[in-house]
Protein chains: 2
Amino acid sequence: MTLSEEDYIKAIYHLGKGENLTVSTNAVAEQMDTKPSSVTDMVKKLSDKGVVNYKPYKGVSLTGYGQKIALSLVRKHRLWEVFLVEKLDFSWDEVHEVAEQLEHIKSEKLIDQLDKHLGYPQVDPHGDPIPSKKGEFKKTIKKSLNEVPMGTSGICVGVKDSSPPFLKFLDKNKIALGDTILVLEKEEFDGSLYIRIKESKIHISNQIASNLYLKITA
Amino acid sequence: MTLSEEDYIKAIYHLGKGENLTVSTNAVAEQMDTKPSSVTDMVKKLSDKGVVNYKPYKGVSLTGYGQKIALSLVRKHRLWEVFLVEKLDFSWDEVHEVAEQLEHIKSEKLIDQLDKHLGYPQVDPHGDPIPSKKGEFKKTIKKSLNEVPMGTSGICVGVKDSSPPFLKFLDKNKIALGDTILVLEKEEFDGSLYIRIKESKIHISNQIASNLYLKITA
DNA sequence: ACTAATATTTAGTTTTGTCTAAATATTAGT
DNA sequence: ACTAATATTTAGACAAAACTAAATATTAGT
Ligand SMILES: [Mn+2]
Ligand SMILES: [Mn+2]
Ligand SMILES: [Mn+2]
Ligand SMILES: [Mn+2]
């Protein structure tokens with residue numbers, strides 16, 4: 001697969017929410033920041049290669065073969081993200097762009113050894129699970145912080161919005177993956193939340209809360 | 001620069017033996033495993049971009065700008081090779097192909113942090129020097145083990161005699177290409193040498209020493 | 001069911017990097 | 001200096017991946 005083909009496969013995978021939904025040409029175009037006509041061209045080629053199922057005007061989905069490729073790419077992307085954060089001191093809002101390039105490096109040994117070097121991590125710096133070599137991975141049950149009952153305590157495992165501004169906000173407020181968060185109280189007026197994180201009590205807007213995923217432990 | 005352009009720049013750099021010699025179209029074609037006509041096309045484009053000096057029928061050389069790019073690529077290539085050997089347990093004959101891909105990843109922070117992670121290495125696994133961020137690097141020379149001053153350390157990069165008996169001897173004594181060798185002391189009587197190789201001190205005859213090449217950073 | 005809005009595909013170009021075959025320049029041998 | 005061999009460039013073509021503009025299909029509103 002070429003770099004371009006691989007990026008399309010990943011886009012179709014992500015738009016299919018891991019359930020291999022059929023996705024529209026326009027959705028892929030938006031995700032890839034390209035034109036719908038370019039998507040049509042590429043999707044025809046991927047169909048010829050047996051990577052996707054494509055019915056004109058009806059959308060596109062991955063074949064079994066296509067899913068395997070997608071999972072392998074996701075694995076590589078997330079392992080590289082872990083490497084960048086754990087070994088090269090990148091912050092979690094800097095890794096995506098570089099991993100987007102590194103995921104295309106062709107070497108099976110490279111990724112096996114990287115996995116080992118990192119101690120076989122289960123999740124990437126954004127809390128997303130890393131598929132095994134065989135393409136299996138644990139579904140993490142995530143809920144956004146604003147939809148759990150008061151008194152719930154859990155571990156921050158991910159974000160919905162991973163834009164640099166949001167990630168920077170989290171850094172500034174010392175909210176990081178792996179932190180234990182306790183939801184204390186909801187402000188009736190604006191739906192904002194009081195939470196306890198690492199011994200300190202902070203106040204976050206409902207919008208912030210809705211973008212933070214919690215893995216509930218109790 | 002595109003991946004293709006970068007590979008051409010590196011080829012011209014290497015053919016120029018680091019002295020920026022003017023090289024022929026055919027030489028570049030051979031190095032790149034492509035056709036001379038393709039080289040002509042690319043060289044014209046690189047000339048337009050100010051990367052090379054090109055006179056039709058007279059050959060091509062790098063401009064100052066082109067040399068900077070070449071050194072940056074060589075730096076990246078060699079740092080990745082060190083990473084693969086030191087951190088991911090690749091052997092020295094497996095790294096080139098992968099480094100050939102990794103050298104094209106675009107991220108200044110990535111390479112700075114990688115350099116730091118590796119402890120600012122001076123040479124790659126093949127004994128070749130790693131240019132600094134500014135493009136400076138030490139020259140290396142290849143000498144047979146019996147003609148270097150005592151106390152010299154270098155990387156074993158080749159053999160003069162490659163007959164099975166000699167190679168078997170090397171195997172038996174755990175001397176392999178890529179090993180770092182330190183010359184400790186010469187025995188006056190027979191010119192034999194005491195050397196240190198991977199934590200162990202061994203004794204080799206002058207004849208053995210004369211058949212081993214060392215790459216030394218000067 | 002008809003029409004308008006939207007989504008998608010088709011047709012025709014462009015850029016990049018490659019190739020083959022033909023033309024031309026350089027070099028070497030006599 | 002002439003000729004033959006070799007090196008290099010030019011011309012024309014192609015595949016990949018993108019784009020714009022036009023055509024067509026789908027969908028939603030009345
Ligand atoms: Mn990518
Ligand atoms: Mn991630
Ligand atoms: Mn390369
Ligand atoms: Mn090397």
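Evaluate the following for B:Tyr8: is it more than 14 Å from chain A (Cβ to nearest Cβ), out of contact with any Pro (no Cβ under 8 Å at 6 or more places or on another chain) and closer than 30 Å to B:Cys156 by Cα? Judged against the criteria, B:Tyr8 is a match.
Of the helices (runs of 4 or more DSSP H) contained entirely in region A:46-161, those carrying at least 1 residues that are of a type in the set (A, V, I, L, M, F, W, C) and in contact with a strand residue (DSSP E or B) (Cβ under 9 Å, 6 or more places away or on another chain) fall at A:64-86. Applying the condition of being open to solvent by 40 Å² or more (accessible area, probe 1.4 Å) and within 16 Å of ligand 4 (Cβ to nearest atom) to region B:122-135 and asking which residue is modelled with the lowest pLDDT yields B:His126. Close contacts from region A:17-36, counting a first residue that is within 14 Å of chain B (Cβ to nearest Cβ) and closer than 20 Å to A:Val74 by Cα and a second that is within 12 Å of DNA strand C (Cβ to nearest atom) and open to solvent by 90 Å² or more (accessible area, probe 1.4 Å), with Cβ to Cβ under 6 Å and a gap of 6+ residues or different chains, come to none at all.
Condition first: more than 19 Å from the chain's Cα centre (by Cα) and not polar (S, T, N, Q). Now tell me which residues in region A:169-183 satisfy that.
A:Lys172, A:Lys174, A:Ile181, A:Leu182, A:Val183
Taking the listed residues A:Lys68, A:Lys58, A:Lys45, the one that is surrounded by 14 or more Cβ atoms within 10 Å (Cβ to Cβ), more than 14 Å from every other protein chain (Cβ to nearest Cβ) and either over 23 Å from the mean Cα position of the chain (by Cα) or within 16 Å of ligand 4 (Cβ to nearest atom) (or both) is A:Lys45, with no other qualifying.
In this structure, A:Glu103 does not satisfy being on the phi < 0 side of the Ramachandran plot, within 14 Å of another protein chain (Cβ to nearest Cβ), more than 16 Å from ligand 3 (Cβ to nearest atom) and free of Cβ contacts under 8 Å to residues at least 40 places away in the same chain. On the basis of being touching a strand residue (DSSP E or B) at 6+ places or on another chain (Cβ under 8 Å) and not charged (D, E, K, R), does B:Thr25 make the cut? It is true that B:Thr25 is touching a strand residue (DSSP E or B) at 6+ places or on another chain (Cβ under 8 Å) and not charged (D, E, K, R).
Out of region B:176-218, which residues are of a type in the set (S, T, N, Q) and under 22 Å from B:Lys139 (Cβ atoms)? Across region B:176-218, the qualifying residues are B:Thr180, B:Thr217.
Of all the listed residues (B:Lys49, B:Lys10), the sole one being within 23 Å of B:Lys106 (Cβ to Cβ) and within 16 Å of ligand 3 (Cβ to nearest atom) is B:Lys10. Among the numbered conditions (1) within 30 Å of A:Leu177 (Cα to Cα); (2) crowded, with 16+ Cβ neighbours inside 10 Å, the only one that A:Asp33 does not meet is (2). Residue count for region A:90-117, restricted to those that are open to solvent by 20 Å² or more (accessible area, probe 1.4 Å), under 14 Å from A:Lys10 (Cβ atoms) and within 16 Å of DNA strand D (Cβ to nearest atom): 2. Screening B:Ser37 on (1) in contact with an Asp or Glu (Cβ under 7 Å, 6 or more places away or on another chain); (2) more than 22 Å from B:Ile105 (Cα to Cα); (3) not charged (D, E, K, R) shows it passes everything except condition (1). For B:Ser163, the conditions (1) in contact with a helix residue (DSSP H, G or I) (Cβ under 9 Å, 6 or more places away or on another chain); (2) at pLDDT below 90; (3) open to solvent by less than 70 Å² (accessible area, probe 1.4 Å) are fulfilled apart from (1). Against the conditions (1) part of a helix (DSSP H, G or I); (2) on the phi > 0 side of the Ramachandran plot, A:Gln31 satisfies every one except (2). Inclusion of B:Lys139 among residues that are modelled with pLDDT under 95, away from ligand 2 (no atom under 16 Å from the Cβ) and surrounded by fewer than 14 Cβ atoms within 10 Å (Cβ to Cβ) is warranted.
Put simply, of B:Gly154, B:Gly127, B:Gly135 the only residue that is assigned by TED's automatic domain parsing to the domain that holds B:Asp179, within 30 Å of B:Lys76 (Cα to Cα) and not polar (S, T, N, Q) is B:Gly154. Just one of the listed residues (B:Gly59, B:Gly119, B:Gly66) is modelled with pLDDT of 95 or more and either within 16 Å of ligand 3 (Cβ to nearest atom) or closer than 14 Å to B:Met1 by Cβ (or both), and it is B:Gly66.
The values are calculated or read from the model by the stated rules, or taken from the named source; none is laboratory data. Source: prediction; values computed, not measured. Cβ: placed from backbone, ideal geometry, glycine included. Neighbour counts: every protein chain shown. Accessible surface areas use protein heavy atoms only, side chains included; no ligands, DNA or RNA. Shrake-Rupley method; radii C 1.70, N 1.55, O 1.52, S 1.80 Å.
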